[in-house]
1. Over chain A, with a Gaussian network built from C-alpha contacts below 10 Å, which listed residue (A:ASN21, A:ASN175, A:ASN149) shows the highest mean-square fluctuation?
2. With both bridge residues required to lie in the range A:124-233, what share of the DSSP beta bridges run antiparallel, to the nearest 5%?
3. Work out how much length A:ASP143 to A:ASN195 would gain on full extension: take 0.36 nm times their residue separation and subtract the Cα-Cα distance, in nm to one decimal.
4. Per residue, what volume in Å³ does the Cα convex hull of the range A:49-183 take up?
5. So which of A:LYS174/A:LYS205; A:LYS123/B:LYS122; B:LYS170/B:LYS214; B:LYS83/B:LYS174; A:LYS214/B:LYS122; A:LYS46/A:LYS205 end up more than 20 Å apart by C-alpha?
6. Within 10 Å of each Cβ in A:20-33, how many Cβ atoms from other chains are there, averaged over the peptide?
7. Roughly what % of DSSP beta bridges within chain B run antiparallel, to the nearest 5?
8. Only Cα pairs under 8 Å and at least 6 apart count here; give the relative contact order of the range B:78-186 as a rounded whole percent.
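The values are calculated or read from the model by the stated rules, or taken from the named source; none is laboratory data. Predicted, not measured: the structure shown is a model, and the values here were computed from it. Cβ coordinates were reconstructed from backbone atoms using ideal geometry, including for glycine residues, and neighbour counts include every protein chain displayed. All accessible areas refer to the heavy atoms of the entire protein, side chains included, with ligands and DNA or RNA removed. Shrake-Rupley method; radii C 1.70, N 1.55, O 1.52, S 1.80 Å.
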There are 2 protein chains.
Amino acid sequence: DLVKLCCDFFTPQQPLLAGVNVVITAGPTQEAIDPVRYISNHSSGKMGFSLANAALSMGANVTVIAGPVNLSLAADIKRIDVKSARDMHQAALASLDTADIFIACAAVADYRTETVHSEKMKKQADTDVITLTLVKNPDIIADVANAENRPFCVGFAAETNDIEAYALGKLARKNLDLIAANDVSNSAQGFNSDNNALTVFAKDKRFDIPLCNKKEVAIQLLKIISEQYKSIS
Amino acid sequence: DLVKLCCDFFTPQQPLLAGVNVVITAGPTQEAIDPVRYISNHSSGKMGFSLANAALSMGANVTVIAGPVNLSLAADIKRIDVKSARDMHQAALASLDTADIFIACAAVADYRTETVHSEKMKKQADTDVITLTLVKNPDIIADVANAENRPFCVGFAAETNDIEAYALGKLARKNLDLIAANDVSNSAQGFNSDNNALTVFAKDKRFDIPLCNKKEVAIQLLKIISEQYKSIS
């Protein structure tokens, strides 16, 4: 009724995550080939940083483990800057003592170069083809989700095709509580866009967050996370 | 004397490049591996964009061919945004009809992946090592310098070691008029730093620009370029 609507409107938003320790990875990682060349993933860090700012506004204690991005965070957020997937992996495991919720929003490079050259590799005059040997990086969210004192684990799946199948596979395989999937083949959302649309999967539930500003998407996703987190803890 | 000093001080700076068409490449290039992964080089684009703004202030007609960077340019500068080295190569050759001076400041990837996957490559569960086959990209500044109606050509050499030897080798091999070398092993200059120091080589001359703000480095480099350009044209 109208009275309830008015009351809701004038009641300050409940701090849904008051006192909850939230760790968020954000941005890409960079895997060095040599001092000037690297392998990376498209990720502006906007989604992860929006989540961090939104979690802070909901009362959480927020730590961001950030790959190289050109974005700033509210001063009350603890920021740990990293470059490579192995750096991020180490920082993530170090955060587990206090983490209640872990949101893996970073676009982590699955592979790094086997050898990092300490000097700039010169172009080879006599050969037009070179091969780069890549080795698998540690799986950050899987290792977090399988840690002894595991936090509530939220993963992301940026896919270009067969989104639901990949997302549900990743949820199960990596032992996650929630996974937020987005279709990065659609240029209106994801990567450098200011907008995003997500489909969030729990083992037996599905939530749709329609295309809107990443700040609004962040708030909606955190409401879902907060509800699911409270329902199991 | 004092009168001359005062006169110089109050005389507006001579538009050293009035009416000269200057084309500048800037930033890194990105070579796609698949829709989410790429190979790139460290380059913020700051040096190239500083050169563009400085050239405009000296009266030049400026075109910037820019790889993916988070920087803006004065509205009077023509900007062509590209991603890959091949895109940049094509835009560079297309600019030659009118270019008087070509400054290759971009950090172009020497190699691209042989195959660009149209869908996101999935991590291979059964193998920890993958190989990426890379093929040589076109050499933009060499092709510009060897074009029939070649402009005055300025290259850059970002090196971590043996700087003078590499720079002089590149100057001769690529048929350049000038080459600006910087030591990117020094984190106080180059890449994402706001400062830079350059040693500029012509075939039989050498100029040192000491460490300072990239905007000031840009002005000093353009004065050298303008002098050398006028001495041969």
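1. A:ASN149
2. Counting only bridges with both partners in the range A:124-233, antiparallel ones make up about 60 percent.
3. That pair, A:ASP143 and A:ASN195, stretches by 15.7 nm at full extension.
4. Cα-based convex hull of the range A:49-183, divided per residue, equals 157 Å³.
5. Violating the 20 Å Cα-Cα cut-off are A:LYS123/B:LYS122; B:LYS170/B:LYS214; B:LYS83/B:LYS174; A:LYS214/B:LYS122; A:LYS46/A:LYS205.
6. Whole-number average of other-chain Cβ neighbours for A:20-33 is 1.
7. 40 percent
8. Dividing the mean separation by the residue count of the range B:78-186 yields 27 percent.
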